[in-house]
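The values are calculated or read from the model by the stated rules, or taken from the named source; none is laboratory data. Fair warning: this is a prediction, and the values are worked out from it, not measured in the lab. With ideal geometry, Cβ positions are generated from the backbone for all residues, glycine too; neighbour counts draw on all protein chains shown. Side chains are part of the model used for accessible areas, which takes the heavy atoms of the whole protein and leaves out ligands, DNA and RNA. Shrake-Rupley method; radii C 1.70, N 1.55, O 1.52, S 1.80 Å.
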Amino acid sequence: MTNIKKISHIAILVEDIEESLKFWRDAFGLELDHLEEVPSQGAAVAFLPLGESEVELVQPLSEDSGLAKYLAKRGEGMHHLCFEVEDIEAKLEDLKKQGVRLINEEASTLEDGRQIAFIHPKGTGGVLVELVEGL
Ligand code: CO
């Protein structure tokens, strides 16, 4: 069994990051590290670190992205949980062998070089799970 190191982030899908920050930063007290556009995800993301993990507020930027469609259908709320793993390829192989349904059979590489893949909610009991291998 390959190693899972920690929860990397919890992603929350929102209509408007500035509006959401009124709760998560101003009322609740998380600190905003930075805001950035992530073209590969078609989204703007606010990063709110907490201990070894982060809360990420994700706002779709284009109306035809998968995220925008999800938001239109299901509304705002928890989108996915991301776990950092030691070896993403090995973890995906493990899961495939066990018959777990994946969204991404292969990991893809982010702008910053980290590798990610998603596990299908049908395989996890309804939770969209992202895996990330850090640098
Ligand atoms: Co994520």
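Which residue pairs have Cβ atoms under 7 Å apart, sit 6 or more places apart or on different chains, and have a first residue in region 11-22 that is crowded, with 17+ Cβ neighbours inside 10 Å and a second that is among the hydrophobic types (A, V, I, L, M, F, W, C) and in a loop (DSSP other than H, G, I, E, B)?
Close Cβ pairs (under 7 Å, with a partner that is among the hydrophobic types (A, V, I, L, M, F, W, C) and in a loop (DSSP other than H, G, I, E, B)) amount to Ser20/Val14; Leu21/Leu32.
Limited to region 108-131, what total is found for residues that are open to solvent by less than 20 Å² (accessible area, probe 1.4 Å) and either assigned to a loop (DSSP other than H, G, I, E, B) or in contact with a helix residue (DSSP H, G or I) (Cβ under 7 Å, 6 or more places away or on another chain) (or both)? Quick ask: steps written out before the conclusion?
Of region 108-131, the ones open to solvent by less than 20 Å² (accessible area, probe 1.4 Å) are 116-117, 119, 129-131.
Subsequent filtering for residues that are either assigned to a loop (DSSP other than H, G, I, E, B) or in contact with a helix residue (DSSP H, G or I) (Cβ under 7 Å, 6 or more places away or on another chain) (or both) retains 117, 119, 131.
Residues flagged as open to solvent by less than 20 Å² (accessible area, probe 1.4 Å) and either assigned to a loop (DSSP other than H, G, I, E, B) or in contact with a helix residue (DSSP H, G or I) (Cβ under 7 Å, 6 or more places away or on another chain) (or both) within region 108-131 amount to 3.
Could you please let me know if Asp64 is over 18 Å from Glu19 (Cα atoms), open to solvent by 70 Å² or more (accessible area, probe 1.4 Å) and within 15 Å of the ligand (Cβ to nearest atom)? Quick ask: steps written out before the conclusion?
On the way: over 18 Å from Glu19 (Cα atoms): yes; open to solvent by 70 Å² or more (accessible area, probe 1.4 Å): yes; within 15 Å of the ligand (Cβ to nearest atom): no.
Taking the combined requirement at face value, the residue does not satisfy it.
Test each condition in (1) within 18 Å of Leu131 (Cα to Cα); (2) surrounded by fewer than 14 Cβ atoms within 10 Å (Cβ to Cβ); (3) within 16 Å of the ligand (Cβ to nearest atom) for Ile7 and report the one that comes out false.
(2)
Can you tell which of Asp33, Asp87, Asp26 is more than 16 Å from Ala11 (Cα to Cα), in contact with a strand residue (DSSP E or B) (Cβ under 7 Å, 6 or more places away or on another chain), modelled with pLDDT of 95 or more and open to solvent by 30 Å² or more (accessible area, probe 1.4 Å)?
Values: Asp33 fails: more than 16 Å from Ala11 (Cα to Cα); Asp26 fails: in contact with a strand residue (DSSP E or B) (Cβ under 7 Å, 6 or more places away or on another chain).
Being more than 16 Å from Ala11 (Cα to Cα), in contact with a strand residue (DSSP E or B) (Cβ under 7 Å, 6 or more places away or on another chain), modelled with pLDDT of 95 or more and open to solvent by 30 Å² or more (accessible area, probe 1.4 Å) holds for just one of Asp33, Asp87, Asp26, which is Asp87.
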